[in-house]
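A.B. asks: Below are the structure tokens for one structure; questions will follow.
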Ligand SMILES: Cc1ncc(COP(=O)(O)O)c(C=O)c1O
């Protein structure tokens, strides 16, 4: 079989030279495992709209958008202007800025349940603060989360994110599986794992721990579980359970806030008490936010005589991120959300056609401006159905390499696309054509899975 790494990269590989330096000073040569790729990552020179140019001069069409965080693509001129103006006045101070207030006003006006906001620096931190606020408010300490769901890297939030057939246990009582070696046993014991969208099993697991559960944490369209939405019935069952049992319904909308103007939560008849945000609300800069009911958010209020959850962060609510975020979210208005979701829908339809033409057992899941390809005939409904064995992962990696090296297209490493408003119909056509060639090229291996 022909090698997938094109000659051009081997001949004139400035990225390799930088990576050789990187491994001497950065462990593994990267600070985010997600950007590592064999034989080495490729280093960016510049990016504009939906195109990224690497230091060897190759321009690639980007459907990853920095792991779903760039809702308007790269270096949008309106965001650049606003941030540049802010930078002339400083980037962070041990004082407050109106920038955070303006942005909080915008966010609270967008979603009915967003009564108060606290800015932090990442999605991980937003989820962590949401869990700690839930504990502080309820006086309980356990959390419940779905098997396979990714919520960042806080000890409690990451449990069972990478559960696999050798350790996930009985579906009636899934094991709490550590991600990082050395995770304290107490952490694992304090995280109840449930199967997503499985009302009966989940409620039974919650009931068994009702006295201790501070919050039930879900992502309404969890990427790693399979990128399919929570059902109305499931969300309602969790809502009702949390009402009855003095627990918080906590949504992680770090990725899914893009799905509707008011977040994916707009799709449900009941709303969460607290929501963690991140990614797109930073307009391309690091950010996170905890938003939700005033009564619960009060645990963070420094004016309280008994402050239940003291909370700070050196760069939290810095005016660069909050300015960029506000401008980005102002531009991501109701019409822009609709247009983006429509374009993504067109892409999904075209790719469904491509799958038929290539005659491969592949399917799509997704919502709003996101979709993911699965190497199976029928769309998965559970994490265990989504789980990929090594053979499937190898095929996916080979297809991703084909797209990256032969077609100059960047996708997320789960074979997902997270769209940006900078994308146009001709970009979608290019993706469909590339996928047709890629799936045809990989067909013998896909058929053998
Ligand atoms: C659903 C979800 N929650 C939380 C996070 C963590 O966000 P961050 O990488 O900004 O810490 C991510 C990141 O991918 C995510 O996908």
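Since every read-out is calculated from the coordinates, none of them should be taken as a lab result. Model, not experiment: these values are computed from the prediction. In this analysis, Cβ positions are derived from the backbone assuming ideal geometry, glycine residues included, and neighbour counts consider all displayed protein chains.
A.B. asks: Just how far, in whole angstrom, is the stretch 379-395 from the stretch 55-118 if you go by their alpha carbon centroids?
C.D. replies: The two parts, judged by their Cα centres, are 34 Å apart.
A.B. asks: If you stretched the chain out fully between residue 342 and residue 440, how much longer would it get, using 0.36 nm times the residue separation minus the C-alpha to C-alpha distance?
C.D. replies: Length gained between residue 342 and residue 440: 32.6 nm.
A.B. asks: Still on this structure, I have one more. How far apart, in nm, are the 7 Å Cα→Cβ label points at residue 303 and residue 44?
C.D. replies: 4.1
A.B. asks: If a/c stays under 1.5 just call it rounded; otherwise compare a/b with b/c (prolate if a/b is bigger, oblate if not). Do that for the chain, with a ≥ b ≥ c from the square roots of the Cα gyration tensor eigenvalues.
C.D. replies: Judged from the Cα gyration tensor, the chain comes out oblate (a/c at least 1.5, b/c at or above a/b).
A.B. asks: Something else about it: Starting from 0.36 nm per residue, how many nanometres of slack lie between residue 24 and residue 330 once their C-alpha separation is accounted for?
C.D. replies: Taking 0.36 nm per residue and subtracting the Cα distance, the gain is 105.9 nm.
A.B. asks: Quick one: grab the alpha carbon gyration tensor of the stretch 155-301, order the square roots of its eigenvalues as a ≥ b ≥ c, and give me rounded if a/c is under 1.5, else prolate or oblate depending on whether a/b is larger than b/c.
C.D. replies: rounded
A.B. asks: Still on this model: Give me the percent relative contact order of the chain, please, defined on Cα pairs under 8 angstrom at least 6 residues apart.
C.D. replies: 21
A.B. asks: Let me ask something else about it. Computed FRET efficiency, Cβ-Cβ of residue 391 and residue 102, R0 41 Å: what is it to the nearest 0.05?
C.D. replies: 0.20
A.B. asks: I need the calculated FRET efficiency for the pair residue 187 and residue 315, taking r as the beta carbon distance and R₀ as 41 Å, to the nearest 0.05.
C.D. replies: Here the calculated transfer efficiency is 0.95.
A.B. asks: Given a Förster distance of 35 Å, report the FRET efficiency between residue 269 and residue 430 from their Cβ-Cβ distance, rounded to the nearest 0.05.
C.D. replies: 0.35
A.B. asks: Something else: Per DSSP helix of 4 or more residues, -39500 (n - 2.57); summed, then divided by the residues of the chain. What does that give at 222 nm, rounded to the nearest 500?
C.D. replies: Result for the chain, helices only: -11500 deg cm²/dmol.
A.B. asks: Roughly how many Å is it from the Cα centre of the stretch 340-376 to that of the stretch 129-185, as a whole number?
C.D. replies: So the separation of the two Cα centres works out to 31 Å.
A.B. asks: Can you tell me how much longer the chain between residue 88 and residue 36 gets when fully stretched, taken as 0.36 nm per residue apart minus their C-alpha distance, in nm with one decimal?
C.D. replies: Value of the extension gain: 15.3 nm.
A.B. asks: Give the relative contact order (percent, whole number) for the stretch 158-225; include only Cα pairs under 8 Å separated by 6+ residues.
C.D. replies: Once normalised by length, the contact order is 25 percent.
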